[in-house]
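The values are calculated or read from the model by the stated rules, or taken from the named source; none is laboratory data. Please read all numbers here as calculations on a predicted model, not as lab measurements. Virtual Cβ from ideal backbone geometry, glycine too; neighbours counted across all protein chains shown. Remember, those area values only see protein heavy atoms, side chains included, never the ligands or the DNA or RNA. Shrake-Rupley method; radii C 1.70, N 1.55, O 1.52, S 1.80 Å.
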Amino acid sequence: MAAVGALGRIGKLSSSICRNHRLIFNRSPHRRGIATCIDPAHGLSDEQKEFQKMAFDFAANEMAPHMAEWDQKEIFPVETMRKAAQLGFGGIYVQPDVGGSGLSRLDTSIIFEALSTGCVSTTAYISIHNMCAWMIDTFGNTEQREKFCPILCSMEKFASYCLTEPGSGSDAASLLTSAQRKGDHYILNGSKAFISGGGDTDVYVVMCRTGGKGPKGISCLVVEKGTPGLSFGKKEQKVGWNSQPTRAVIFEDCAVPVTNRLGEEGQGFSIAMRGLNGGRINIASCSLGAAHASVLLAKDHLLVRKQFGETLSNNQFLQFKLAEMATKLVASRLLVREAATALQENRPDAVSLCSMAKLFATDECFNICNQALQMHGGYGYLKDYAVQQFVRDIRVHQILEGTNEVMRMIISRNLLSES
């Protein structure tokens with residue numbers, strides 16, 4: 001329960017503004033006397049406010065000062081993430097008996113939103129790592145849980161989620177990576193594309209075909225780095241998410257013990273989708289953090305930037321734009337938190353609400369960040385200013401964990417299938 005104990009130790013908040021190479025980051029909305037209408041602490045319990053405050057503080061002190069450097073130099077900040085794990089952020093919704101913090105989906109969303117104000121890209125990877133740890137915790141047997149979960153929760157080892165393939169993105173059930181059983185091993189052949197952490201991480205949660213066509217032929221295997229036949233493609237050059245490496249993961253007669261299979265044969269697609277429901281909440285929460293930070297950056301810029309003899313804050317058009325940004329931020333946050341609660345409670349509407357939250361929050365939060373950049377004028381297009389990185393980092397949120405077009409399909413199918 002070390003992680004839970006860490007979440008209970010709340011340090012003092014740091015100063016409100018961090019300036020590093022002219023990058024401006026909000027470090028503590030609580031200290032700044034943030035406008036109550038967008039305060040992310042509204043409606044939270046005292047305990048939730050405490051670990052939210054700790055996450056904001058960690059984002060301000062350990063992430064925000066390095067966000068630009070990690071992006072520009074494409075640094076995977078392993079030691080910083082291990083510091084986050086010491087606070088319980090390596091296995092937030094993993095059970096405590098294997099080293100997790102045992103928190104709820106809502107608690108998780110609150111933490112990821114706060115961390116993302118310091119670096120979206122790094123927080124997004126932490127969210128994927130958490131999803132993998134949860135999948136092993138939830139679907140693994142006692143031996144698997146005890147082997148993998150403690151080292152993942154401490155971030156001694158890092159995990160990657162392997163579903164997407166070069167020929168199967170949105171149509172995930174058509175994946176081709178095969179796993180033929182030979183004695184006490186599966187022999188994997190195929191490749192996975194766009195894998196976050198690929199090549200740098202240690203544990204790969206892989207969806208592969210052990211049976212016939214379609215979702216019922218898919219199983220889930222845990223593949224460990226160093227397994228013969230496992231290799232990686234070149235490091236991809238991306239628009240954003242540059243603090244986490246992305247590579248293809250390649251299997252060539254890769255022998256994986258049968259004891260590394262999660263659940264039963266044919267259960268893999270269900271495991272993958274269960275993981276993604278939470279993943280959609282997590283990635284939407286990362287978008288919330290970026291949008292929250294961008295609203296504050298835009299507000300500060302409007303208050304100090306002068307044109308035509310007065311500050312931009314006196315321009316009614318920009319006042320109305322800022323009001324719209326704040327409204328969409330709060331609406332997104334409320335929907336994400338409702339979806340997180342529904343998922344925690346295993347409600348019948350949980351899958352649709354997760355899709356709605358991912359669709360609405362990632363679309364609207366990108367628009368918020370983009371509008372914040374526009375308000376900065378030419379300065380917003382400079383890498384000296386944080387707002388452009390928030391724009392670049394969250395653009396991909398509308399694509400991954402199921403594209404927003406697929407989210408619309410899930411929602412509409414649910415509506416049209418009701419009698």
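Project the alpha carbons of region 53-95 onto their principal axes and report the range along each, largest first, in whole Å.
Over region 53-95, Cα extents along the principal axes are 36, 20, 13 Å.
Summing +1 for each Lys or Arg and -1 for each Asp or Glu, what net charge is found among the other residues whose Cβ lies under 11 Å from the Cβ of Val120?
Local charge sum for Val120: -1.
With a Förster radius of 45 Å, plug the Cβ-Cβ distance of His42 and Lys234 into 1/(1 + (r/R0)^6) and report the FRET value to the nearest 0.05.
The formula returns an efficiency of 0.50 here.
Within 10 Å of each candidate Cβ there may be at most 14 other Cβ atoms; applying that plus a DSSP loop requirement, which chymotrypsin sites (Phe, Trp or Tyr not before Pro) in region 282-361 survive?
Here the sparse-neighbourhood loop sites are Phe308.
State, as an integer percentage, the relative contact order of the chain based on alpha-carbon contacts under 8 Å between residues 6 or more apart.
16
In percent, how large is the relative contact order of region 350-418, given Cα pairs closer than 8 Å and 6 or more residues apart?
Relative CO of region 350-418 lands at 43 percent.
List the equivalent ellipsoid semi-axes of the chain in whole Å, largest first, each obtained as the square root of 5λ for an eigenvalue λ of the Cα gyration tensor.
37, 22, 21
Once every DSSP H run of n ≥ 4 in the chain is given -39500 (n - 2.57) and the sum is divided by its residues, what mean residue ellipticity at 222 nm do you get, rounded to the nearest 500 deg cm²/dmol?
After summing the helix terms and dividing by the residues of the chain, the value is -15500 deg cm²/dmol.
Under 30 Å between alpha carbons, and skipping anything fewer than 8 positions from Lys328 in its own chain: which lysines qualify?
Correct list for Lys328: Lys49, Lys53, Lys238, Lys299, Lys306, Lys358, Lys383.
Return one number: the angle in degrees, 0 to 90 and rounded to the nearest 10, between the long axis of the Cα atoms of helix 268-304 and the longest principal axis of the Cα atoms of the chain.
Once rounded, the angle reads 10 degrees.
Between Asp384 and Gln72, with labels modelled 7 Å along Cα→Cβ, what's the label distance in nm to one decimal, could you check?
The two pseudo-label positions are separated by 1.1 nm.
Grab the Cα-Cα distance for Ser313 and Arg408, subtract it from 0.36 nm times how many residues apart they are, and report the gain in nm with one decimal.
Stretched fully, the Ser313-Arg408 segment lengthens by 30.5 nm.
Can you say what percent of the DSSP beta bridges in the chain, counting only those with both residues inside, are antiparallel? Round to 5.
85
Please work out how much accessible surface His66 shows to a 1.4 Å probe, ignoring ligands, DNA and RNA, in Å² rounded to 10.
70
Would you tally the net charge around Thr259, using a Cβ to Cβ cut-off of less than 9 Å, leaving Thr259 out, and scoring K and R as +1, D and E as -1?
Around Thr259, the charge tally is -1.
Over region 73-224, calculate the relative contact order: mean separation of alpha carbon pairs under 8 Å at least 6 apart, over the residue count, as a percent.
After rounding, I find 19 percent.
Using the Cα atoms of region 220-320, I'd like the radius of gyration and the largest Cα-Cα distance, Dmax, both in angstrom.
Expressed in Å, the Cα Rg and Dmax of region 220-320 come to 23.6, 72.
Roughly how many Å² of Lys53 are accessible to a 1.4 Å probe, to the nearest 10?
70
Go ahead and collect, in residue order, the members of region 205-228 whose backbone nitrogen is under 11 Å from a label point 7 Å along the Cα-Cβ direction of Arg181.
Correct set: 210-211.
Let me check I've understood the local charge: for Glu146, count other residues with C-beta under 12 angstrom from its C-beta, Lys and Arg +1, Asp and Glu -1. What total comes out?
With Lys, Arg at +1 and Asp, Glu at -1, the neighbours total -1.
Based on the alpha-carbon gyration tensor of region 59-123, what equivalent-ellipsoid semi-axes (square roots of 5 times the eigenvalues) come out, in whole Å, largest first?
23, 13, 8
Translational diffusion coefficient of region 134-267 at 4 °C, 1.567 mPa s, Stokes-Einstein with Kirkwood Rh over Cα pairs, in µm²/s as a whole number.
Answer from the Stokes-Einstein relation: 86 µm²/s.
So what is Rg over Rh here for region 275-419, counting just Cα atoms and using Kirkwood for Rh?
1.07
Relative to the longest principal axis of the chain, what angle (0 to 90°, nearest 10) does the C-alpha long axis of helix 142-153 take?
Its long axis makes an angle of about 30 degrees.
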